[in-house]
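Written below as structure tokens is the structure these notes are about.
The values are calculated or read from the model by the stated rules, or taken from the named source; none is laboratory data. As the structure is a computational prediction, the values presented were derived from the model and not from experiment. Cβ atoms come from the backbone with ideal geometry, glycine included; neighbour counts cover every protein chain shown.
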Amino acid sequence: MSGDVRVPGHDEAIAPTLRRLRSRPRWLAGLYAGNARAVIGRGFRVIRAQNWGVIATGFFEPVFYLLAMGLGMGQLVGELPGPDGRPIPYAMFIAPALLATSAMNGAIYDSVNNVFFKLRYAKLYEGMLATSLGPMDVALGEIFMALFRGLLYSIGFLGVITVMGLVTSWWALAMIPVALLIALGFASIGMAVTSFITGFQQLDLVPVVLLPMFLCSATLYPITVYPEAVQWFVKALPLWHGVELMRQLSVGVFTSMTGVHVAYFLVMSVIGIAVASLRLRRLFLR
């Protein structure tokens, strides 16, 4: 009598998983199982059950900044040069920058705080990687959930600045996919960095990095106020590229740097996903 126990329908149930595993490129065999949607599905179930209120609160931060700085201080500042050199109201100057910042914050806090708890305390990823899922499935799934948060913030804030008359071109519709690109870059790097964090105290370093980057990346004033050496440093920061790209879209003006801004976030995303995947494999699949 054979020792094998067959469960009715078992072979049919796992057939799609087996096909995905066989179709993987060989170099991805240890990283990717082609089933990131399982992680995404779990993420949406958690949001539906308990997280909508927490997510919604992040929408209001850039709106409050816009009301306080753009409309309040804008009465004192007046106009500033736009992407094409023509003067624009101060509120129109900072609104695209706040949209880029909103995408960054939503992605970072989702890919750092949430991922850290799941990684170090809930041991969720350890359980996921005990199944057929690979480290890249987990990384892509979590990064997608961070993008979803960035998407909600971007759509809401774009609606606000459109109603306020702070966008003047149909190219502004492209600010939503660009916000997702910005969120992708920051979420990827955020998850990679989180894999190195071992204690809650280290999470305090995140706002220490984000706040100066927000204040110094030409979000609230032109980069020309800095000495040239400082300008080069600011231009190396990812948020500056996002801010400049958003400003160009808000008025429909493009330069030779537009492609550089996009390429910056594409490279940033690839590096972040690769590092996060390799770190998860090292932490749990040694």
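Condition (residue is farther than 10 Å from S111 by Cβ, surrounded by 13 or more Cβ atoms within 10 Å (Cβ to Cβ), within 18 Å of the chain's Cα centre (by Cα) and β-branched (V, I, T)) applied to the range 153-174: is it met by at least one residue? Yes, the range 153-174 has at least one match.
Looking at the range 241-273 only, could you name the residues that are over 18 Å from the mean Cα position of the chain (by Cα) and under 20 Å from P81 (Cα atoms)?
Our first condition is that a residue be over 18 Å from the mean Cα position of the chain (by Cα); within the range 241-273, this holds for 247-260.
The answer is R247, Q248, L249, S250, V251, G252, V253, F254, T255, S256, M257, T258.
Only one entry of A192, A187 meets the criterion of being in contact with an Asp or Glu (Cβ under 8 Å, 6 or more places away or on another chain), part of a helix (DSSP H, G or I) and more than 30 Å from V77 (Cα to Cα), and that entry is A187. If the Cβ limit is 6 Å and pairs must be 6+ apart or interchain, which residue in the range 149-163 that is farther than 9 Å from A179 by Cβ pairs with which residue that is assigned to a helix (DSSP H, G or I)? Pairs found: R149/I55; R149/G106; R149/D110; G156/F59; V160/V63; I161/A95.
Scanning the range 110-155 for residues that are out of contact with any helix residue (DSSP H, G or I) (no Cβ under 6 Å at 6 or more places or on another chain) and modelled with pLDDT under 80 returns N113, N114, R120, Y121, A122, K123, G127, A130, T131, L133, G134.
With the requirement that a residue be among the small types (G, A, S) and without any contact (Cβ under 8 Å) to a residue 12 or more places away in the chain, what does the range 102-129 give you?
Listed by number, the residues that qualify are A122, G127.
Okay, residues lined up against (1) buried (at least 24 other Cβ atoms within 10 Å of the Cβ); (2) of a type outside the set (A, V, I, L, M, F, W, C):
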{"site": "L99", "(1), (2)": "yes, no"}
{"site": "L119", "(1), (2)": "no, no"}
{"site": "T131", "(1), (2)": "no, yes"}
{"site": "E142", "(1), (2)": "yes, yes"}
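Of L71, L66, all but one fail to be free of Cβ contacts under 8 Å to residues at least 24 places away in the same chain, more than 30 Å from S195 (Cβ to Cβ), touching a helix residue (DSSP H, G or I) at 6+ places or on another chain (Cβ under 9 Å) and in a helix (DSSP H, G or I); the exception is L71. Screening the candidates P212, P222, P238, P227 for the property of being of a type outside the set (A, V, I, L, M, F, W, C), modelled with pLDDT of 90 or more and within 16 Å of the chain's Cα centre (by Cα) yields one hit, P238.
Restricting the first member to the range 233-259 and to residues that are within 11 Å of A100 (Cβ to Cβ) and free of Cβ contacts under 8 Å to residues at least 40 places away in the same chain, and the second to residues that are assigned to a helix (DSSP H, G or I) and of a type in the set (S, T, Y), the beta-carbon pairs closer than 7 Å and six or more apart or on different chains are H241/Y264.
Yes or no: the range 77-87 includes at least one residue that is in contact with a helix residue (DSSP H, G or I) (Cβ under 6 Å, 6 or more places away or on another chain), modelled with pLDDT of 80 or more and of a type in the set (A, V, I, L, M). Show your work before the answer.
Narrowing the range 77-87 to residues in contact with a helix residue (DSSP H, G or I) (Cβ under 6 Å, 6 or more places away or on another chain): 77, 80, 82-83.
The next check asks that each one be modelled with pLDDT of 80 or more; those that pass are 77, 80, 82-83.
Within this subset, residues satisfying the condition of being of a type in the set (A, V, I, L, M) are 77, 80.
Within the range 77-87, one or more residues are in contact with a helix residue (DSSP H, G or I) (Cβ under 6 Å, 6 or more places away or on another chain), modelled with pLDDT of 80 or more and of a type in the set (A, V, I, L, M).
Filtering G272, G199, G259, G252 for residues that are at pLDDT below 95 and on the phi > 0 side of the Ramachandran plot leaves a single hit, G252. When each of A146, A192, A183 is tested for being more than 30 Å from P89 (Cβ to Cβ) and crowded, with 24+ Cβ neighbours inside 10 Å, the lone residue that passes is A146.
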